[in-house]
Amino acid sequence: MKLSHSFTKTLRDAPKDESARSAQYLIRAGFVHKELAGVYDYLPLGLRTLNKVENIIREELDKIGCEEVRMSALQSPDTWKKTGRWSDQKVDIWFKTELSAGGELGLAPTHEEPMTNMLKTYIKSYKDLPLYVYQFQTKFRNELRAKSGIMRTREFLMKDLYSFSADEDSHNNFYHKVEDAYKTIYQRVGLGDCTYQTFASGGIFSKFSHEFQTEIPVGEDTIYYNKDKSIVLNEEVKLPEVLEELGVQEEDLESTRAAEVGNIFTLKYKYSEPLGLTFNDQAGKEQTVFMGCYGIGVSRVMGVVAEKYADDKGLVWPEEIAPYYMYIIPIGEEGTKIATELEAQFPDLILLDDRNMRPGEKFADADLMGIPHRIVISDKTLAEEKVEQTYRQTGEQKLLTLNDLTAILSGYEKDH
């Protein structure tokens, strides 16, 4: 990508209505555009990063046997009334609209009901189970307060996965696979060392559910952990009886702020029973399907990564989800010629700053955008057959030969 061909531009001033550092940088760097409170457009750079987070999640779910679908966002009240969740008293975050021909529709905040109802067509026998179905879908939630940029919004991209099993043992086996898959996902997006699987309230479904919480100062949640962080729990379950069951003393716990980046629930028969999702077992007897659900806010993960790693100069992206691998700044006629040739050879890895601007402005934009590696190709260094590389995360600088640079790009392309 050549920056001179992009319609987006970096902004020097932070938006006055955004308090989160990540939101300010994402807007200033041209990754997102704010439509209104809690609603954002994803611009070319932001969309590339969002898609990379999505693809990592997809790859890890496919490895454990999940199938991808795309459900509708518009929802009929009929299915939801069977579980009681069409009621605004039970679910107070619905966006609903009146049809011109009469009747009412809603924009789905989640998809337990429609997914369960849809699978009544396809699950008939124990031979059809287990089944694991997921989607990436835009969700709509009428949050009272939308804040922290893309970390809490009213319209957001979510991965929701649902499991359908013949019994609890089969469900538990898959549940543990999802736990492992989530840990791999967070490791790959750059949050592995600061994200913890926490005990959370299971509500009426089970004693516990689990959340995945990333430690960041601006997080909305408080989590508690023991000395070696082998037990981490949410504030809502820090109760005497829970601590006793987990074998920890309250005085041994420390707290920190964190942002939720995923959750997993054992649903049991909460949705399958009222919606009539059943199967015939090996004896021909009708049984109710045992369910679980597993969510990750894709856009929220992107926002948390942006918040976690940003510094006083701008964004700092981990390599796997950065929109590009290298930000190349050419200086001089020969530098421009070589940079253009490299961009043509590795278009998916290089963001070429070929704009008619001073080098200092380009350096500032490179820091703001947070691309992992900045390469300066100037006539001065080319006289020694070298280019200058700066690693965004540490500021480390070194000189490379052109052959070294090409080999690095070729190797990265091959591995990814």
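The values are calculated or read from the model by the stated rules, or taken from the named source; none is laboratory data. Not measured: the values here are computed from a predicted model. Note: ideal-geometry Cβ built from the backbone for every residue, glycine included; neighbour counts use all protein chains shown.
Is region 286-297 home to any residue that is at negative phi, outside the structural domain of Arg58 (by TED's automatic domain parsing), in contact with a helix residue (DSSP H, G or I) (Cβ under 6 Å, 6 or more places away or on another chain) and at pLDDT 95 or above? No. Here is the figure for region 223-247: residues that are in a loop (DSSP other than H, G, I, E, B) and touching a Phe, Trp or Tyr at 6+ places or on another chain (Cβ under 9 Å) total 3. Only one of the numbered conditions (1) surrounded by 24 or more Cβ atoms within 10 Å (Cβ to Cβ); (2) over 20 Å from the mean Cα position of the chain (by Cα); (3) under 24 Å from Lys9 (Cβ atoms) is not met by Ala306, and that is (2). Here region 166-192 is the region considered, the condition is being of a type in the set (Gly, Ala, Ser) and within 16 Å of Tyr294 (Cβ to Cβ), and the residue that is farthest from the chain's Cα centre (by Cα) is Ser170. Pairing each residue of region 89-100 that is in the same structural domain as Phe140 (by TED's automatic domain parsing) and within 19 Å of Phe156 (Cα to Cα) with any residue that is in a loop (DSSP other than H, G, I, E, B) and acidic (Asp, Glu), provided the two are 6+ apart or on different chains, yields C-beta distances under 8 Å for Ile93/Glu143; Trp94/Asp88. Being more than 30 Å from Val32 (Cα to Cα), surrounded by 12 or more Cβ atoms within 10 Å (Cβ to Cβ) and outside the structural domain of Val32 (by TED's automatic domain parsing) holds for only one residue in Lys380, Lys362, and it is Lys380. Listed by first and then second residue, the pairs with beta-carbon distance under 7 Å, at least 6 apart or on different chains, first residue in region 17-46 and outside the structural domain of Met369 (by TED's automatic domain parsing) and farther than 16 Å from Lys147 by Cα, second modelled with pLDDT under 95 and basic (Lys, Arg), are Gly30/Lys9. Residues in region 124-151 that are among the β-branched types (Val, Ile, Thr) and in contact with a helix residue (DSSP H, G or I) (Cβ under 7 Å, 6 or more places away or on another chain): Val133, Ile150. Of the residues that sit in region 1-16 and are among the basic types (Lys, Arg) and free of Cβ contacts under 8 Å to residues at least 24 places away in the same chain, which one is surrounded by the most Cβ atoms within 10 Å (Cβ to Cβ)? My answer is Lys9. Across region 177-221, the number of residues qualifying as within 28 Å of Ala23 (Cβ to Cβ) and among the aliphatic types (A, V, I, L, M) comes to 6. On inspection, Thr116 passes the criterion of being in contact (Cβ under 8 Å) with a residue 12 or more places away in the chain, in a helix (DSSP H, G or I) and either over 17 Å from the mean Cα position of the chain (by Cα) or closer than 27 Å to Gly219 by Cα (or both). From the list Glu334, Glu320, Glu343, Glu361, the one residue that fits, being under 19 Å from the mean Cα position of the chain (by Cα) and of a type in the set (Asp, Glu), is Glu320. In the set Glu112, Glu168, Glu155, only one residue is among the acidic types (Asp, Glu), surrounded by fewer than 16 Cβ atoms within 10 Å (Cβ to Cβ) and over 25 Å from Glu319 (Cα atoms); that residue is Glu168. The one condition from (1) touching a Leu at 6+ places or on another chain (Cβ under 7 Å); (2) part of a helix (DSSP H, G or I) that Thr198 does not meet is (2).
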